[in-house]
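Structure first, commentary second.
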Amino acid sequence: MAPNVCTSRLLKELRELQKKPVEGIRALPLESNILEWHYVLEGAKGTSYEGGWYHGVVTFPSEYPMKPPSITMITPNGRFKTCTKLCLSMSDFHPENWNPMWSVGTILMGLLSFMVQDSPTYGSIETSDAFKRKAAIESLEYNCQNKTFSTLFPELVELNETLKKEKEEKYGINSQNTSSSALTSSQDSTQLLEQGAASWTALVAVLIAIVACTWALIAYVL
């Protein structure tokens, strides 16, 4: 259980975030554990992460704010390993750099800023821009499979459902048109085959008649 100083500080920061949200950042603690905060970073516009939603966890020590938290990212993103503690200036990898004045908001702003950089660190990975863009497109659907994410951020689950419906409506119409075209093409092909078969049958009948007449003429002559 977190000491009173830690709990009071984190509750204060929660109220501040609710009163003055930080653009591109969502963060909430578990109801059962004030020390475990789940965050969602919105991919920065004009980057390979645009359109992405990146879910992760900030775990605070009971000595917070005198000691720094650990930071991990759960959503595949192309910048960091998933479910791996990240080495950042505001994480528990560098307690010597920690400033007790930093808060949940400043920690996550720092993470979002570092994410769009190329600087290597423990827990970072190198991937192509194409991989990052693909991960961004798939991120929200991936996150919605996570029970904790769905519980803490229902508005994003609703957003995902809305986007899925829009895609279904858009591609459903195209699919219907494609199906109609395919059916018409199939019907045309069937008609051509039937016509070809009828022509072939008529030709065979004519040939048989010619052969019969030929043999009848030969028999008459003989």
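Of note:
- Selection of first residues in the stretch 77-91 that are of a type in the set (Val, Ile, Thr) and of second residues that are surrounded by fewer than 22 Cβ atoms within 10 Å (Cβ to Cβ), restricted to Cβ pairs under 7 Å at least 6 apart or on distinct chains, gives the following pairs, ordered by first then second residue: THR82/ILE74; THR82/PRO76; THR84/THR72; THR84/GLY123.
- Residues of the stretch 50-61 that are in contact with a Ser or Thr (Cβ under 9 Å, 6 or more places away or on another chain) and more than 18 Å from GLU16 (Cβ to Cβ): GLY51, GLY52, TRP53, TYR54, HIS55, GLY56, VAL57, THR59, PRO61.
- For the stretch 64-86, a residue qualifies if it is over 20 Å from TYR49 (Cβ atoms) and either in a strand (DSSP E or B) or of a type in the set (D, E, K, R) (or both), and the qualifying residues are LYS67, SER70, LYS85.
- Residue satisfying all of: in the stretch 47-85; crowded, with 22+ Cβ neighbours inside 10 Å and aliphatic (A, V, I, L, M); nearest to the chain's Cα centre (by Cα) among these: MET73
- Subset tally (residues that are in contact (Cβ under 8 Å) with a residue 40 or more places away in the chain and either touching an Asp or Glu at 6+ places or on another chain (Cβ under 8 Å) or more than 20 Å from PHE93 (Cβ to Cβ) (or both)) for the stretch 28-53: 13
- Residue match in the stretch 27-36 (condition: among the polar types (S, T, N, Q), within 30 Å of the chain's Cα centre (by Cα) and in the same structural domain as GLN117 (by TED's automatic domain parsing)): yes
- Qualifying residue in the stretch 4-25 (condition: assigned by TED's automatic domain parsing to the domain that holds VAL116, without any contact (Cβ under 8 Å) to a residue 60 or more places away in the chain and assigned to a strand (DSSP E or B)): no
- Count - residues of the stretch 28-46 that are in contact with a His (Cβ under 9 Å, 6 or more places away or on another chain) and surrounded by 16 or more Cβ atoms within 10 Å (Cβ to Cβ): 6
- Evaluating PRO76 against the criteria (1) farther than 28 Å from GLU138 by Cα; (2) touching a helix residue (DSSP H, G or I) at 6+ places or on another chain (Cβ under 7 Å) leaves one unmet condition, (1).
Let's see how each residue does on (1) in contact (Cβ under 8 Å) with a residue 12 or more places away in the chain; (2) closer than 20 Å to GLY51 by Cα:
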{"residue": "PRO95", "(1), (2)": "yes, no"}
{"residue": "TYR142", "(1), (2)": "yes, yes"}
{"residue": "GLN145", "(1), (2)": "no, yes"}
{"residue": "PHE149", "(1), (2)": "yes, yes"}
{"residue": "PRO154", "(1), (2)": "no, yes"}
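The values are calculated or read from the model by the stated rules, or taken from the named source; none is laboratory data. Values in this document were obtained by computation on a predicted structure and should not be read as measured data. Reconstructed Cβ throughout: ideal geometry from the backbone, glycine too, with neighbour counts over all protein chains shown.
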